[in-house]
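One structure is given below, encoded as structure tokens.
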Amino acid sequence: MRRPIIAGNWKLNLTIAESRQLAQQLADSLADITDRDVVIAPVFTALTTVAGVIEKSPVQLAGQNCYPQITGAFTGEISPEFLADAGCTHVILGHSERRQLLGETDDFINQKLLKTLEAGLNPILCIGETLQEREAGQTLKVLDRQIKGGLANLTAEQMADIVIAYEPIWAIGTGKTATAEQAQQAHSFIREVVLQLFNPEVAENTRILYGGSVKPNNVDGLMAEEDIDGALVGGASLKAEDFIRIVRFAG
Ligand code: PGA
């Protein structure tokens, strides 16, 4: 049985004060959660504040990105070691917004992923196709390339610390969720590629999250699918009530 993960990606939203308030609401309301992982990813400037608020709760902390070096002359960047120092246990890598706006490549994302593992953090590797790619029948080809590129040079043992997030770009922030069936199809393909790359045990144990307009009213249907092990939530993770309902999905 794979342990579900619900992760909130706050993106470039919420001041330190607003982050503290939302984190406090989550820490209070989710104190009883034991059977699933809950992760939130605030902006960098709010990380240490939020870390203090959620310290004694089941809620865990993630960075939204990192640079594949430990320390040094890398102005403006942040390394996985410094994220760990701020209290993070996870890092979101290769989000489609970074791939599209900042030109991140599979190779660069793979370097970040390897450094993240060295720092003892859990990477959440995001992959997903554009609408154009889906309409051109390229979805599986794109996913195959992103998985193989992102997971290059990894051992089967290291896969225990990796979470994959399937986020079709056309579903992000658009209110257009993939149907549970479309998502399941992609997830089962991703698991097959992981099987090809590693072994049946790794494929069986790897957690694959769905992301793209996950809301309180669609989470239960998505989570009922065999290969969907959790959600990466953007917009709805900024509202305590919605995120709490998503964490408490039925199933
Ligand atoms: P959304 O974002 O839930 O607002 O669609 C998801 C994401 O980008 O991780």
Roughly speaking, what is the centre-to-centre gap between the stretch 57-104 and the stretch 183-207 when only Cα atoms are used, to the nearest Å?
25 Å
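Hey, any idea what % of the chain's accessible area is carbon plus sulfur with a 1.4 Å probe? All intermediate terms of the calculation are to be shown ahead of the outcome.
Working: 5630 of 11180 Å².
The value for the chain is 50 percent carbon and sulfur by accessible area.
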Sparsely packed GluC sites (Glu not before Pro) within the stretch 1-104, loop by DSSP, other Cβ within 10 Å at most 11:
GLU55
With a probe of 1.4 Å, find how much accessible area the chain has per residue, and write the answer as a whole number in Å².
45 Å²
May I ask for the Rg/Rh ratio of the stretch 95-251, computed from Cα atoms with Rh as the Kirkwood radius, given to two decimals?
0.95
Suppose every K and R has +1 on its Cβ and every D and E has -1 on its Cβ; what is the size of the dipole of the chain about the Cα centre, in Debye to the nearest 20?
420 debye
Euclidean distance between Cα centres, the stretch 115-167 to the stretch 4-36, Å:
25 Å
So for the stretch 1-134, taking the charge dipole from beta-carbon charges (+1 Lys/Arg, -1 Asp/Glu), which of THR34, VAL53, LEU93 sits furthest toward the positive end?
THR34
Per residue and in cubic angstrom, what volume does the convex hull of the Cα atoms of the stretch 1-109 have?
118 Å³
For the chain, what is the calculated [θ] at 222 nm in deg cm²/dmol (nearest 500), taking -39500 (n - 2.57) for each run of four or more DSSP H residues and dividing by its residue count?
-11500 deg cm²/dmol
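Find, among the GluC sites (Glu not before Pro) in the stretch 181-251, those assigned to loop by DSSP (not H, G, I, E, B) with at most 13 other beta-carbon atoms within 10 angstrom. Could you put the intermediate results ahead of the total?
Details: sites: GLU181, GLU192, GLU201, GLU204, GLU225, GLU226, GLU241; in loops: GLU225, GLU226.
Loop-located and lightly packed - GLU226.
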Mean shadow area of the stretch 84-140, taken as a quarter of the surface of its Cα convex hull (nm²)
4.6 nm²
Just grab the label-to-label distance for THR155 and ALA73, each label 7 Å out from Cα along the Cβ direction, in nm (one decimal).
3.4 nm
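The values are calculated or read from the model by the stated rules, or taken from the named source; none is laboratory data. Note that the coordinates shown come from a computational prediction; the quantities given were computed from them, not determined experimentally. Here Cβ is always computed from backbone atoms with ideal geometry, including for glycine, and neighbour counts include all displayed protein chains. Surface areas here come from the heavy atoms of the whole protein model, side chains and all, with no ligands, DNA or RNA. Shrake-Rupley method; radii C 1.70, N 1.55, O 1.52, S 1.80 Å.
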